[in-house]
Amino acid sequence: MKLRSLPAVSLLIVSLPLSAEVTINGFGSVVVGVSDDLNFRNNLYDKDIGFKPQSKFALQAMADLGENLSVTAQILAKGADDFDANFEWAYLSYAVNDSTTLRAGRLRIPFYRYSDYLDVGFAYPFISPPRTMYSLLFSTYDGVSVLHNFSLSSIDVSVNAYAGRVEETFFSTTTPTAGKLNNAMGINSQLSWQSFTAYATYMQTDVNIPVVTVEGLAAQLNQAGVPVSVTDNLRINDDKGTFLGYGLSYDDGSLVFNAEKSRVDIDDSLNLVNNQWYVNLGYRVRSLQPYVYYGEAETDRNTTTAAMFPAPFRPGIQAAFDGQMYEFTETGLGIRWDFHDSAALKAEYTKYDDIWDRNAATQVGSQDHKESMDQFRVGIDFIF
Amino acid sequence: MKSIFKVTGAVLFGMSLAAQAEVAVIVHPSNGDSLSQDEIQRVFLAKTKTFPSGAQAVPIDFDDGVAVKDMFVSNVLSRDTSQIKAYWAKLVFTGKANPPKTVATDSEMLSLIAANPNMIGYIDAAKVTADVKVVGTF
């Protein structure tokens, strides 16, 4: 097992006072899947049954150091990473009072409704949350967070304000590039009232991801006489990135409803604004929970950047932007069976439909060669 | 979440007995709060850490497999065991809260509640003693 980039906090674990009360918990998922043999939207599976892409195991240790101070570390080994173990969470937590907690270390970015327990399949109906929506492939930051909970008459409010930095390999499935999100700041607010829960989240950051192809394109254009100030509108160099998301859910014990929507943008770069949403409906009957979901992901077209370039370059720049356009839908049908107090069996069929052709050479606006892909998965999620 | 296998028999046996029984939510005799079912849920689901009076509230639960726990989960928390497990998984694996401390027997429960004004627990209604105060029967 290879442990990478341990935050300083995790080192505290090995030197705990003997008196500390340590709680060990764990969770995992074993998922097998099969799909059409297509390279559709970074398809995780192929025609041969795959075990690794979404199987994972995790251990969490929480030590109460007393006087409102605690340390939590969670180590996760994902099949997708060859079961290399990584610290997903590792932080010190200080409870200022009953309603306010400060945390520092490696924490989860609260992008989505299920972000905090993204890997804990046991905690949600799906085998994995819809991919149209849960499209950002990085999920942790190193920094600080303030959690504040309070009640407004019968509404429970939870606010998480955070700041920090992300160092990651971005675009890992297309053009893997080591990059940084500096000065990341965000806030997530959640309201719960009876069976309803609503949230809204916003994050902004300075994005630095030197994608080789984009850097190369900018350099070529500079040699051809295009000023650096213009080609900087292609490079992801200290550009403002924003994430806006919101969602609503309902769970009365039998009927379960979920909807989420988000928008991701990186200003002044060869990157399109992504919009995505899904709705999910489920119904619990004793230990069975059948569910369906439908989601869409699409990009906004960008025509303003090309217009900044000298006329001879405009068609090429526009083609580079349009080549990134996509629009696809996801339709899922599944069932969760709580066959055990601490384990659930799930089976899920998903159909993906492309609306824009993936072929960059095809003219934007056409709907030819519409592709589809079927995927079938069975998994067991467990906690201990 | 521990040693589920050896208690399965006890659970099945307990469930058949428990079908007619009621669960009593109990506090220290000096506790003057009256608690609605919703307020009891909030304490046991770590949504609040205080009684309506403002005093600290420390919930005490039973170990998995104790028959009265299943009754408490369905009658008082209005959920089933796997929903409760999923609920705690969300809080535990995000470091937000841990489930209540647990006891294994009725006598442990009674002696803890009788000795601690901040604690709140529950027991089979037939086993309530004068050392504790019942705030609700479900």
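Below, the figures for the structure above:
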| read-out | value |
| --- | --- |
| Per-region count, region A:202-224, residues among the acidic types (Asp, Glu) and under 23 Å from A:Ile187 (Cα atoms) | 1 |
| Subset of region A:66-75 [more than 10 Å from chain B (Cβ to nearest Cβ) and crowded, with 20+ Cβ neighbours inside 10 Å] | A:Ile75 |
| Which numbered condition B:Ala10 fails, given (1) at pLDDT below 90; (2) buried (at least 16 other Cβ atoms within 10 Å of the Cβ) | (2) |
| Any pair with Cβ under 6 angstrom, 6 or more apart, that starts in region B:20-37 at a residue that is under 13 Å from B:Gly136 (Cα atoms) and ends at one that is aromatic (Phe, Trp, Tyr) | B:Val23/B:Phe72; B:Val23/B:Tyr122; B:Val23/B:Phe138; B:Val25/B:Tyr122; B:Asp33/B:Phe51 |
| Enumeration of residues in region B:83-120 that are at the interface with another protein chain (Cβ under 10 Å from one of its Cβ atoms), more than 16 Å from the chain's Cα centre (by Cα) and either modelled with pLDDT of 95 or more or in a helix (DSSP H, G or I) (or both) | B:Ala86, B:Ala89, B:Lys90, B:Leu91, B:Val92 |
| Pairs with Cβ under 8 Å, 6+ apart, first in region A:158-178 and part of a strand (DSSP E or B), second among the acidic types (Asp, Glu) and surrounded by 13 or more Cβ atoms within 10 Å (Cβ to Cβ) | A:Gly164/A:Asp142; A:Arg165/A:Asp142; A:Val166/A:Asp142; A:Glu167/A:Asp142; A:Ala178/A:Glu167; A:Ala178/A:Glu168 |
| In region B:59-77, the residues that are within 12 Å of another protein chain (Cβ to nearest Cβ), over 10 Å from the mean Cα position of the chain (by Cα) and modelled with pLDDT of 90 or more | B:Ser74 |
| Failed item, numbered, when A:Ala344 is tested on (1) surrounded by fewer than 20 Cβ atoms within 10 Å (Cβ to Cβ); (2) in contact with a helix residue (DSSP H, G or I) (Cβ under 8 Å, 6 or more places away or on another chain); (3) among the small types (Gly, Ala, Ser) | (1) |
| When residues of region A:95-114 are limited to those that are of a type in the set (S, T, N, Q) and more than 9 Å from chain B (Cβ to nearest Cβ), the one surrounded by the most Cβ atoms within 10 Å (Cβ to Cβ) | A:Thr100 |
| Residues of region A:231-265 that turn out to be touching a Leu at 6+ places or on another chain (Cβ under 6 Å) and either among the hydroxyl-bearing types (Ser, Thr, Tyr) or without any contact (Cβ under 8 Å) to a residue 24 or more places away in the chain (or both), as a count | 3 |
| Subset of region A:288-309 that is touching a helix residue (DSSP H, G or I) at 6+ places or on another chain (Cβ under 8 Å) and in contact (Cβ under 8 Å) with a residue 24 or more places away in the chain - its residue that is nearest to A:Pro129 (Cα to Cα) | A:Arg301 |
| Candidates A:Val166, A:Val207, filtered to the one that is farther than 15 Å from A:Arg108 by Cα, modelled with pLDDT of 95 or more and buried (at least 19 other Cβ atoms within 10 Å of the Cβ) | A:Val207 |
| Residue selected from region B:31-58 under the condition more than 16 Å from the chain's Cα centre (by Cα) and farther than 24 Å from B:Asp124 by Cβ, by the criterion farthest from the other protein chains (Cβ to nearest Cβ) | B:Gly32 |
| Every residue from region B:70-82 that is small (Gly, Ala, Ser) and either part of a loop (DSSP other than H, G, I, E, B) or surrounded by 20 or more Cβ atoms within 10 Å (Cβ to Cβ) (or both) | B:Ser78, B:Ser82 |
| Residues that are aromatic (Phe, Trp, Tyr) and in a helix (DSSP H, G or I), drawn from region A:306-340 | A:Phe313, A:Phe321 |
| Single condition A:Phe138 does not satisfy, out of (1) facing chain B (nearest Cβ under 10 Å); (2) in contact with a Leu (Cβ under 9 Å, 6 or more places away or on another chain); (3) not in a strand (DSSP E or B); (4) not polar (S, T, N, Q) | (1) |
| Filtered residue count, region A:260-308, keeping only those that are crowded, with 18+ Cβ neighbours inside 10 Å, modelled with pLDDT under 95 and within 14 Å of chain B (Cβ to nearest Cβ) | 1 |
| Verdict on B:Phe93 being buried (at least 17 other Cβ atoms within 10 Å of the Cβ) and within 15 Å of B:Val23 (Cα to Cα) | no |
| Restricting region B:50-69 to residues that are not aliphatic (A, V, I, L, M) and not in a loop (DSSP other than H, G, I, E, B), the residue that is surrounded by the most Cβ atoms within 10 Å (Cβ to Cβ) | B:Phe62 |
| Meets criteria (under 17 Å from A:Met62 (Cα atoms) and crowded, with 23+ Cβ neighbours inside 10 Å) for A:Ala90 | yes |
| Region A:266-287 residues that are at positive phi, paired with ones that are not in a strand (DSSP E or B) (beta carbon under 7 Å, 6 or more apart) | A:Asp268/A:Asp232; A:Asp268/A:Asn233 |
| Residue match in region A:151-167 (condition: within 14 Å of chain B (Cβ to nearest Cβ) and closer than 25 Å to A:Thr350 by Cβ) | no |
| Single match in A:Ser128, A:Ser189 (criterion: modelled with pLDDT of 90 or more and in a strand (DSSP E or B)) | A:Ser189 |
| Among the residues listed as A:Thr177, A:Thr197, the single one being within 14 Å of chain B (Cβ to nearest Cβ), surrounded by 13 or more Cβ atoms within 10 Å (Cβ to Cβ) and more than 20 Å from A:Leu107 (Cβ to Cβ) | A:Thr197 |
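The values are calculated or read from the model by the stated rules, or taken from the named source; none is laboratory data. Computed from a prediction, not measured in an experiment: that's the story for all the values here. Quick reminder, even Gly has a Cβ in these numbers, built from the backbone with ideal geometry, and neighbours come from all protein chains shown.
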